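Report on the structure given below.
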Amino acid sequence: MILNTELEYKGNLFPSKIIAYKKNLNVLSFTTENGVVLEVTVRRDSVLRFRYTTTGIFENDFSYAITKYASRGYNHLEVTEDENNYIITTAKLICHISKLDLRSSIYDAKDKSLICEDELGFHWEESYEFGGDVVKMSKTSHAGESYYGLGDKPVDNNLKGKRFENWVTDSYAYGRETDPIYKAIPFYTALHNKKSYGIFFDNTFRSFFDFCSERRNITSFWAHGGEMNYYFIYGPEMSDVVANYTDLTGKPHEMPALWTLGYHQCKWSYYPESNVKEITAKFRELEIPCDAIYLDIDYMEGFRCFTWSKEYFPDPKRMVKELADDGFKTIVIIDPGIKIDMDYSVFREGLEKDYFCKRADGPYMKGKVWPGECYFPDYTNPEVREWWSNLFQELVEDIGVKGVWNDMNEPAVMDVPGKTFPNDVRHDYDGNPCSHRKAHNVYGMQMARATYQGLKKFSYPKRPFVITRAAYSGTQRYTSSWTGDNVATWDHLTIANLQAQRMCMSGFSFIGSDIGGFAEQPNGELYARWIQLGVFHPFCRTHSSGDHGDQEPWAFGTTITDVVRKFIEIRYQLLPYLYTAFWRYAEEGIPILKSLVLYDQHDPQTHYRNDEFIFGEKILACPITAPNQKGRRMYFPLGKWYNFWNDELVKGGSEQWVDADLDSMPIFVKEGAIIPKYPIQQYVGEKTIDELILDVYYKEGKESSQVYEDATDGYDYIKGRYSLRDFKLSGKKNELIIQQHKSGKFVTTYKTFKLKLHGLPFKISKIEIDNVIIPLEKLKLNGNNTLTITKEFSELHIMA
Ligand code: GLC
């Protein structure tokens, strides 16, 4: 029996003393007397990979998580030894490997402080039942050390004191602390002494993390097979740890089309066509912006993927076109289960080509999902992925579908123990044949990848859009995601907030929840509060199971409709701001949402905060998470923050009360920020942007902001056709200076900026643009607050 514990089992085995050491460029290997080999690879000055084998022979080095685009290279590498240790020194780290037992201790190269050290270090249990080992690692936890990350765990931000399992699981109506759920992202970030490091345990077997739960001062992780194979990533800034992890496991392969950042409406299910049209027409009638409408499983013929119900959707191509003419992109669901039916071409083809998963002794993996008994493609086979990708040709190229939503890809199987494939199912694993024990956690990821390949091929020259429910580390390269089947309760609103922050901290920023809750029905107040949070999530979609009543913005009466419209409008105005944040994420791996600890790890007050977060770089938001509230207390990070609604300036560093009636929510803007805004549009591209609004928040001191734009879709931006504006604001008592540096070859449609000045402490009497004094009447100066200037300026002086 394999115990779900790191230590209790007495059969633990340990490495003995080192008898051989070899260095091959950046790969250092240490062999022990009892045949264990530790290979330390120096990938970067701040990134070390630790890999252990107990047999002396390593497995084929293959990972679905690590991207070939990951940065490599270091400035310094030196290995020395003293009596007790081998000592690896890079520009950022010093790592001791104990000659006695392979235990490692890692220090900051600059100040020599201890960052992370093994307790027992690597140990293992042999598994007679499955072969191979249960591989384990334990590390000392320091006083005051905190832990974050791990994907979609529905718990408070700080993971200390808890144990988790990584095994991708269909979790209808999960709740707080339910574990595991849909995603397996075995990456955490730790923080102590104001320094942060991360551990990515790249092992796809069922794995566990224990943060001082089993033993008070010990953090451990282990997996039911595979290798002890982990990456140590040093900051010391937490944002660098997350950026480096994202670099390792991949940033999104392309920017999302701008419309994908608009509002999406979904339900299980909108059908027939007339119902879909009613919904979309209502959005336009009520002037609630919306870019995407979803078709859930009922659009298909008997839940057969890649088919359309003739009864409900007799002419999908026409419908999709009509929706597109009205600004709606049609997104359809595609599940992995392929109905067993010899009259169904996808099934026949999969069978003929031998693309379905099989049990160990040969029979097909048969399981029940929506269509009844199904077989399941083995997406871990590259040939199967290629085949699958080609199935999207008709949907995308011919019918005009703009996005695909992959669901049930844990894989979920109904009415069976474990709700998934049994362990013996065989997978190709890209030429490394294995059982489901190893492939389970990546099955959904590989399905989303194959779907992405198809969407990319057939959407070209437009950008692909995919959504997935299941994910393993690295899935963010291909797709967006949502948090699965949540429930319409206040606690789930809080959970959605935590999960979105946590996913962003785990390298996966394109994330959102089913707004309003999937199961059960919210009342109007809960729905409105959830929309308020949802417009600050990178993926913004209302979805519900539909059997509990309607969940459209107008389903709860006009007061709620007005609140919902108001917040969706804010999202549309902020699109250039969100797009810029996305660009920072896609370019540098900077999370779009930042938990306060990620934003300012040096302020210990942030280490246990949950509700407040930074949206992009400059906006602080905090949802109202309980009924009947007229406001709430929240923590303000250090610095000064303008109230978004009334420009009142708040000094950070403490908890304070903020008013927020139902039509409001605590939103603050960092002093010195320049926030770009578009006019309200009913969908992206409805209007030509003929003026960019810049909300300028005065600060006495300096602050920089960026605005990234491109054609909003397509690939020209990769060839340099983007527009990046770097703004430097510098405020003095009687002068505000804004410098602009522009790069990229994209020419925006607008010619002017409308500056809205917030908190300016003086009355404007003189304005100079690039050293020329401009008569104030030429700038459409309105009161002391707004002025219109050419977008081409380099330096603007606003003077008293
Ligand atoms: C699953 C999905 C949900 C979807 C339903 C029907 O429960 O998580 O979003 O609506 O299946 O396809």
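The lysines within cross-link reach of LYS92, meaning a Cα-to-Cα straight distance under 21 Å and a gap of 8 or more places when in the same chain, are LYS23, LYS110, LYS112, LYS139, LYS194, LYS195.
Residue by residue, the stretch 539-547 carries 3J(HN,Hα) couplings of 10, 10, 9, 8, 8, 8, 6, x, 7 Hz when phi is fed to the Karplus relation 6.51 cos²θ - 1.76 cosθ + 1.60 (θ = phi - 60°); x denotes Gly or Pro.
Computed 3J(HN,Hα) for the stretch 40-52, one whole-Hz value per residue from the Karplus formula 6.51 cos²θ - 1.76 cosθ + 1.60 where θ = phi - 60°, is 10, 10, 8, 8, 8, 4, 10, 10, 10, 9, 10, 9, 10, glycine and proline marked x. Ignoring lysines fewer than eight residues from LYS366 along the same chain, the ones with Cα atoms less than 21 angstrom from its Cα are LYS339, LYS353, LYS358, LYS419, LYS438. Comparing THR688, LEU779, GLY701 along the charge dipole axis of the stretch 686-800, the residue lying farthest to the positive side is GLY701, per the Cβ-charge model. What aspartates and glutamates does LYS751 reach when the alpha-carbon gap must be under 13 Å and sequence neighbours fewer than 8 apart in one chain are set aside? Candidates past the 8-residue exclusion: ASP690, GLU691, GLU792. Just check the stretch 371-452 against the gyration tensor rule for me: Cα atoms, a ≥ b ≥ c as the square roots of the eigenvalues, rounded for a/c under 1.5, and otherwise prolate or oblate depending on whether a/b exceeds b/c. Oblate, because a/c is 1.5 or more while a/b does not exceed b/c. Along the axis of the charge dipole computed for the chain (Cβ charges of +1 for Lys and Arg, -1 for Asp and Glu, origin at the Cα centre), the listed residues GLY546, TRP308, VAL37 are led at the positive end by VAL37. Other residues within the sphere of radius under 13 Å centred on the Cβ of ARG304, judged by their own Cβ, net out at -4 (K and R +1, D and E -1).
Near GLU795, the amide H atoms lying under 5 Å from its own belong to GLN740, ASP770; only residues 5 or more places off or on other chains count, and H is placed 1.01 Å from N. Taking amide H as placed 1.01 Å from N in the peptide plane, the amide H of SER544 sits under 5 Å from that of LYS267, TRP268, each at least 5 places away or on another chain. The residues LYS702, LYS329, LYS419, when put in order of fewest to most other Cβ atoms within 10 Å, stand as LYS702, LYS419, LYS329.
For the stretch 667-800, the dipole from Cβ point charges (+1 on Lys and Arg, -1 on Asp and Glu) about the Cα centre works out to 240 debye, to the nearest 20. The fraction of Cα-Cα pairs per 10 angstrom bin, counted from 0 for the stretch 258-580, comes to 6, 27, 35, 23, 8, 1, 0 percent, rounded to whole percents. Which value, in debye to the nearest 20, gives the size of the charge dipole of the chain about its Cα centre, when Lys and Arg are +1 and Asp and Glu are -1 at the Cβ? The dipole of the chain has a size of about 1980 debye.
Within the chain, the longest run free of GluC sites (Glu not before Pro) that sit in a DSSP loop with at most 12 other Cβ atoms within 10 Å is 312-647. Phi-derived couplings, Karplus 6.51 cos²θ - 1.76 cosθ + 1.60 at θ = phi - 60°, listed residue by residue for the stretch 319-332: 4, 4, 5, 5, 5, 4, 4, 9, x, 9, 9, 8, 10, 10 Hz, with x used for Gly and Pro. On the principal axes of its alpha-carbon atoms, the chain has extents of 84, 70, 51 Å, going from largest to smallest.
Every number here is computed from the coordinates shown, using simple stated rules; none is lab data. Keep in mind the model is a prediction, meaning the values are calculated, not measured. Quick reminder, even Gly has a Cβ in these numbers, built from the backbone with ideal geometry, and neighbours come from all protein chains shown.
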